[in-house]
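Structure record follows, encoded as structure tokens.
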Amino acid sequence: MSLTDKITQKMMPLATAICENKHLTSLRDGFMVAFPATMFASIMMIIQNLPATFGFDKFLPDGFITFLNDFFGPIGNATMNVTALFVTFGVGYHFAKYLKCSKIYAGAVSLASFLLLLPFKTVKGQVYMPTAKLGSQGMIVAILTGFLATAIFAYLENKKITIKMPKQVPPGIATSFTSIIPSAASLLIFNTVRYLFTFTSWGNAFDCLFNVLQQPLVGLGTSLPATLVAVVAAQLLWWFGVHGQMIVGAITEPLLQTSNLENYAAFQAGKPLPHIICSTFMGIFPLIGGNGMTLGVVLVSLFLARSLRLKSTMKMVAVPAFFNISEPITFGLPIVLNPMVLIPWILAPVVTVLTSYYAIYLGFVPRPIGVTIVWTTPVFLSGWIGTASIAGGILQLVNVAVSIAIWLPFMMAIDKTYLADEANPVTESVAEND
């Protein structure tokens, strides 16, 4: 058995287990519920800040800048700044599918349970909701509430501890009554938890979990070593033909999205951005051209390749690579199970993570501002928008140059092999017949 076969035997069960894990997949899909709203908010924020990003705000009248801020500014409060609400509902809804209970009611109960835990404040007879806890600060509470509230709800519903209505009652109304006892039990438990937290030094579950769990987890999960491990794992899975980002992202994306939201909130407030590595960072710096920094592969091959096979392949995949779509080259070169490209396939994104991290850490490039960049946005433009600075676009070009240097010797070796095959078509034909 070859080394590749042995590694495949070890990795495939792990990859399958992660893909099929009900908690990880519910968490991943739960975050995706917030995606349309956060994407909309990101686009609106980009439009709002376009003058400052591209440096022509000083040439525009103050009234126009005021209009941009007044028109687009409040959008974030209803989208990015309340992401925890979407996540709570989303996790509860998707987790309910695995527990075989009512999905819509499980999501609604999860959301209500989350709101029960909020430390509302009353000032002069007016009740105020702490909106900061509806975003990044409430993410751990949102995730745990989605799972726990749904588990309680599903247990009682599946045990038939419900109000049973006559068959003549319409199904929609009957389902509502069926969900009353499971919903009430979950809400009562979470209200009890809220009350008990008032006797602690934190005063509420949000401050407790934010300080005890969320900050350490985000700090650890978005650290440079953890990021490098995640990148290597994703690239290795892709090399075996498995969607690496989907599997690794089920674990890392919640932490990256949380750090993204914290950067977004800080940018809106005009405060220093807390994180270098976040979802925006991973989207614009180590994946230029798609997985493996494959835009460098295309550029090397288009200009330097001499074999007809490599030239024709690169002409077909060049346009998708320019828009960060790497699947054509992954399966067309191919990358999958090709030992000649394993080293640059892993090394290029690892090195560009390092160059990007230290370029930001040393102050040459601003930190990502936390907006969600459409993943097909071309190189240079995505870096400029993602950091609100032309330095981000320049860093992307540096990363492309670095990836070209890494891929060059390997692609030239492949090109040489293809040339030899094209020079001996008879030998190749004989080998195929054998």
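The values are calculated or read from the model by the stated rules, or taken from the named source; none is laboratory data. Keep in mind that what you see is a predicted model, and the values were worked out from it rather than measured. Neighbour counts run over all protein chains shown; Cβ positions are idealised from the backbone, glycine included. Areas reflect the complete protein model, heavy atoms only, side chains present, ligands, DNA and RNA absent. Shrake-Rupley method; radii C 1.70, N 1.55, O 1.52, S 1.80 Å.
A few points about this structure:
- Sole exception among (1) without any contact (Cβ under 8 Å) to a residue 24 or more places away in the chain; (2) open to solvent by 50 Å² or more (accessible area, probe 1.4 Å); (3) of a type outside the set (S, T, N, Q) for Ala174, by number: (2)
- Residues satisfying the stated conditions in the range 347-372, i.e. part of a loop (DSSP other than H, G, I, E, B) and under 14 Å from Pro286 (Cα atoms): Pro368
- Search result, residues across the range 320-339 that are closer than 20 Å to Val402 by Cβ and open to solvent by 40 Å² or more (accessible area, probe 1.4 Å): Phe322
- Pairs meeting the criteria (first residue in the range 306-321 and in contact (Cβ under 8 Å) with a residue 40 or more places away in the chain and more than 26 Å from Trp375 (Cα to Cα), second residue of a type in the set (Lys, Arg) and open to solvent by 30 Å² or more (accessible area, probe 1.4 Å), beta carbons under 9 Å, at least 6 apart or on different chains) are Arg306/Lys416; Ser307/Lys416.
Each row is one residue, and each column tells you yes or no for (1) at pLDDT 85 or above; (2) of a type in the set (Lys, Arg).
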residue: Asp5; (1), (2): no, no
residue: Cys19; (1), (2): no, no
residue: Lys22; (1), (2): yes, yes
residue: Val33; (1), (2): yes, no
residue: Ile43; (1), (2): yes, no
residue: Phe59; (1), (2): no, no
residue: Thr79; (1), (2): yes, no
residue: Ala96; (1), (2): yes, no
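- Test: Gly383 is open to solvent by 40 Å² or more (accessible area, probe 1.4 Å), in a helix (DSSP H, G or I) and under 30 Å from Ala269 (Cα atoms): no
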